[in-house]
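The structure appears right after this line, and notes come after that.
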Amino acid sequence: QLSNPPILALAPLRVSLEIFHRAGMQRLREKSIALTAYLETLVREHLGDFIDIATPREPERRGCQLSLRVKAGRDAGRALFDYLGERGIIGDWREPDTIRIAPAPLYNRHIDCLRFVQATKDWVGHAKA
């Protein structure tokens, strides 16, 4: 909505577009599908007793994120979200009760998915204690 956007605001955008161009959208999408599938597998195998996945299973129906709901309810979900944030795991809280975790292919790795699962398991252990 600006006829002349500020040049200093455009400089980081230009650099980011160059990074995306070098990485290649096809390769980024392939990594996105692989990372999100890996995260889904980890959640189902290790956290399925505590967390439901609301996101469709089919890669073509989702982006690089999973919408998660803690089975114990909204307050437990919010507590987990805050716990993760305190440990440097950045997600997105969506009212009323959803945590979105998005392994972004440009800068996340498989180890980041493992960190999320381990931190969640630690939270479950603390919540039970």
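The values are calculated or read from the model by the stated rules, or taken from the named source; none is laboratory data. Since the model is a prediction, treat every value here as computed from it, not as a measurement. Every residue, glycine as well, gets a Cβ built from its backbone with ideal geometry; the counts of neighbours run over all protein chains shown. Side chains included, ligands, DNA and RNA excluded: accessible areas come from the protein's heavy atoms. Shrake-Rupley method; radii C 1.70, N 1.55, O 1.52, S 1.80 Å.
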Problem set entry | Options Ala119, Ala76; residue that is touching a strand residue (DSSP E or B) at 6+ places or on another chain (Cβ under 7 Å), at pLDDT 95 or above and not hydroxyl-bearing (Ser, Thr, Tyr) | Ala76
Problem set entry | Meets criteria (of a type outside the set (Gly, Ala, Ser), out of contact with any helix residue (DSSP H, G or I) (no Cβ under 8 Å at 6 or more places or on another chain) and loosely packed, with under 12 Cβ neighbours inside 10 Å) for Glu40 | no
Seminar exercise, completed: Note on the stretch 43-53: residues in a loop (DSSP other than H, G, I, E, B) and exposed (fewer than 14 other Cβ atoms within 10 Å of the Cβ) are Gly48, Asp49
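Do we have any residue at all in the stretch 7-15 that's open to solvent by 90 Å² or more (accessible area, probe 1.4 Å), among the charged types (D, E, K, R) and in contact (Cβ under 8 Å) with a residue 12 or more places away in the chain?
Filtering the stretch 7-15 down to residues open to solvent by 90 Å² or more (accessible area, probe 1.4 Å) leaves 7-8, 14.
Narrowing further to those that are among the charged types (D, E, K, R): 14.
Those still in the list that are in contact (Cβ under 8 Å) with a residue 12 or more places away in the chain too: none.
No, the conditions are met nowhere in the stretch 7-15.
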